[in-house]
Every structure is written in structure tokens, then in C-alpha cells.
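Enquirer: Before I ask anything, here is the structure I am working with.
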Amino acid sequence: MIRFEQVSKVYSGGFQALQKVDFHLGKGEMAYLTGHSGAGKSTLLKLISVMERPSDGRVFFNNQDVSRIRRSQIPFVRRRIGMIFQDYHLISTRSVFDNVALPLVIDGYRHQDIRRRVSAALDKVGLHGKDRYFPPMLSGGEQQRVGIARAIVNKPSLLLADEPTGNLDTELSMEILRLFESFNRVGVSVLIATHDTGLIDSSRYRTLTLHAGRMLTGEAR
Ligand code: ADP
Ligand code: ADP
């Protein structure tokens with residue numbers, strides 16, 4: 001699903017965020033990406049979704065080298081990836097329905113299909129009946145569920161989550177983890193960047209560890 005080959009990233013100011021990173025995430029696999037703040041976790045995720053380009057090396061997504069694709073091809077890659085963020089990235093002045101529908105609207109789905117799919121996505125994250133709410137009316141855990149519904153609404157093959165439980169307490173974090181597991185069970189690959197050791201210790205997924213831009217190991221912490 002994802003393969004990094006000797007990937008380095010030097011930001012324009014000269015800071016080296018990643019150094020010769022090699023790793024692989026299998027199709028249908030769920031794994032954690034961990035490391036201290038500043039270790040390069042977000043940068044690694046951004047290279048997969050082509051929000052950033054590597055300075056060196058290759059990034060493969062579904063056997064396609066996305067590090068070199070043309071700008072016009074980027075939306076086609078992003079369409080197959082669902083992204084989830086620590087601070088949810090919801091539009092607070094739009095309803096839950098509109099927030100979740102956004103990727104489908106952008107892709108030009110028909111109104112009828114949008115209704116059906118948004119409703120199915122909200123069901124899957126346990127937010128049935130909340131479609132008319134606005135994000136500020138919801139709890140943090142519920143807002144993250146909206147973020148997850150938006151990420152899965154167009155059935156991506158990969159979910160990338162950047163500190164998805166960073167603003168949630170332990171119990172809510174576990175609920176969010178269960179949701180990721182439910183999508184992983186139907187074949188979705190999941191990569192979760194987190195320094196939430198409670199979350200990591202609670203399950204037995206492979207843990208990829210970054211330390212100052214270097215990948216320590218793909219098997220253990
Ligand atoms: P993490 O997600 O593990 O906290 P990041 O990938 O966000 O790490 O950041 C790694 C390093 O790269 C940090 O030192 C950060 O300051 C730097 N960095 C991140 N984005 C940029 C950018 N756009 N320009 C310059 N430096 C950046
Ligand atoms: P429908 O045709 O009703 O939109 P599909 O037949 O395409 O649904 O999918 C069947 C089921 O597969 C979905 O209800 C869902 O549980 C699961 N599924 C497959 N891929 C994904 C994905 N990327 N995200 C969430 N669920 C998925």
C-alpha cells in the first residue's frame with residue numbers, strides 16, 4: 001500500500017525533517033507511527049498525501065511513485081486517502097451533513113448518492129441523527145467522529161490519522177481506536193501518527209518509530 005525508499009525531506013529553511021527513511025505498510029494493515037514531537041511524523045504523512053514532496057528518495061502509494069507525479073494528478077491520489085487530524089479540521093459554520101458531504105461534492109457526486117453515502121458514513125461512526133448539528137454543538141469525541149465520517153465517506157483504501165486522539169481523554173481515544181479497527185476489518189489500511197503511549201500499549205499493531213527524522217525500526221519500539 002505504502003512504500004518509502006530512502007526518503008529524505010529538507011524544508012526550505014534547511015531543516016532536515018526526514019533522513020533516508022525506509023518502510024512499508026501492507027495492504028489492509030493497521031500500524032502506528034510514533035516518535036517525539038518534531039520527529040517527522042506529520043512530514044511523513046504529508047509525503048504520502050503529496051502535501052509535501054520529498055527532497056530525495058521515492059514514495060510509493062499503490063505501486064505508484066507519488067513523489068514525482070504531476071500536480072494535476074494529485075487530486076486522484078488524495079481521493080483514495082482519508083485524512084484525520086488532531087483538531088478535526090471541520091467547518092464550524094456548516095452542518096455535520098455538509099462537512100461529511102464535502103469530499104463527495106468536490107468529486108461531483110449526484111445529490112441522491114451524497115445523501116445515501118453521508119447517511120451511511122454517519123451510521124458507521126455512531127452519529128446517526130446528528131446530521132443537522134453544527135460542529136460547535138458537539139463534544140470533542142463527536143467532532144472527531146465527524147472528521148472520520150468525512151475521511152471514509154468516499155471509501156478510500158487508506159486512512160492517515162495525525163494525532164487523532166490528541167485532544168481526547170483515554171476513554172474517547174479508545175472509542176476512536178475501535179472505529180479505526182472497524183474500517184481496518186473491512187480492508188482499509190490505516191496509519192496512525194501518535195505519541196499517545198496509552199493508545200499504543202492498548203493494542204498490538206506494528207509500531208513504526210521516528211527519532212529525529214530517522215526510522216528506528218518497523219517492528220518494535
Ligand atoms: P512531528 O509530526 O513528529 O511533530 P513534523 O513532521 O511536524 O514532526 O516536524 C518535523 C520537523 O520539521 C520539525 O522540527 C518542524 O519544525 C519542521 N517542519 C515541519 N514543517 C515545516 C515547514 N513547512 N517548514 C520548515 N520546517 C518544518
Ligand atoms: P454501497 O454500495 O452501499 O455504498 P459497498 O457495497 O460499496 O456500499 O460497500 C459495502 C461495505 O463495505 C460498506 O458498507 C462498508 O462497511 C464497507 N467498506 C468498504 N470500503 C470501505 C471504506 N473505505 N470505508 C468504510 N467502509 C468501507
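Enquirer: Express in Å², to the nearest 10, the accessible area of His195 obtained by rolling a 1.4 Å probe over the protein heavy atoms while all chains stay in place.
Expert: Number for this one is 100 Å².
Enquirer: Here is a follow-up. ³J(HN,Hα) across segment 135-141 via Karplus (A = 6.51, B = -1.76, C = 1.60, θ = phi - 60°), whole Hz, x for Gly/Pro?
Expert: So the Karplus estimates, Gly and Pro as x, are x, x, 7, 9, 6, x, x Hz.
Enquirer: For a quick check of your reading of the filter: which trypsin sites (Lys or Arg not before Pro) in segment 1-62 sit in a DSSP loop and have no more than 14 other Cβ atoms within 10 Å?
Expert: Passing both the DSSP loop test and the Cβ count: Lys27.
Enquirer: Separate question: Using the Karplus equation 6.51 cos²θ - 1.76 cosθ + 1.60 (θ = phi - 60°), what ³J(HN,Hα) coupling, rounded to whole Hz, does each residue of segment 192-207 give in order, writing x for Gly and Pro?
Expert: Result, ordered by residue: 10, 7, 7, 10, 7, 5, x, 5, 4, 5, 7, 8, 10, 6, 4, 10 Hz.
Enquirer: Now, a different point. Just to compare against my own numbers: the Cα pair-distance distribution for the chain, 5 Å bins, whole % per bin, please.
Expert: The calculated distribution, bin by bin, is 1, 7, 15, 19, 20, 16, 12, 7, 3, 0.
Enquirer: Restricting to bridges with both residues inside the chain, how much of the DSSP beta-bridge set is antiparallel, in percent to the nearest 5?
Expert: Among the beta bridges of the chain, antiparallel pairing accounts for roughly 45 percent.
Enquirer: In terms of modelled amide H atoms, which long-range or inter-chain residues lie less than 5 Å from the amide H of Met30?
Expert: Sorted by chain and number, the residues that satisfy this are Val190.
Enquirer: Between Gln73 and Lys27, what's the calculated FRET efficiency when r is the beta-carbon distance and R0 is 30 Å? Round to 0.05.
Expert: 0.90
Enquirer: Sticking with this structure for a sec: For segment 36-47, in order, what is each residue's ³J(HN,Hα) by Karplus, 6.51 cos²θ - 1.76 cosθ + 1.60 with θ = phi - 60°, in whole Hz (x at glycine and Pro)?
Expert: Each residue's phi maps through the Karplus curve to give 4, 4, x, 6, x, 4, 4, 4, 4, 5, 5, 6 Hz.
Enquirer: Please report, in whole Å³, the volume per residue of the convex hull around the C-alpha atoms of segment 1-96.
Expert: That works out to 142 Å³ per residue.
Enquirer: Mind scanning Lys9/Lys155; Lys46/Lys130; Lys9/Lys41; Lys27/Lys155; Lys9/Lys46; Lys46/Lys124 and naming the pairs with a C-alpha gap bigger than 20 Å?
Expert: Lys9/Lys155; Lys46/Lys130; Lys46/Lys124, as the Cα separations exceed 20 Å there.
Enquirer: While we're here: Might you work out the accessible area of Arg178 for me, using a 1.4 Å probe with all protein chains in place, and round it to the nearest 10 Å²?
Expert: 120
Enquirer: Can you list residues from other chains, or at least 5 along the same chain, whose modelled amide H is less than 5 Å from the amide H of Ser67?
Expert: Long-range HN contacts for Ser67: Val59.
The values are calculated or read from the model by the stated rules, or taken from the named source; none is laboratory data. What you are looking at is a predicted structure, and each value in this text was computed from that prediction instead of being measured. All Cβ positions, glycine included, derive from the backbone under ideal geometry; neighbour counts span all protein chains shown. Just the protein is used for accessible areas: all its heavy atoms, side chains included, with ligands, DNA and RNA removed. Shrake-Rupley method; radii C 1.70, N 1.55, O 1.52, S 1.80 Å.
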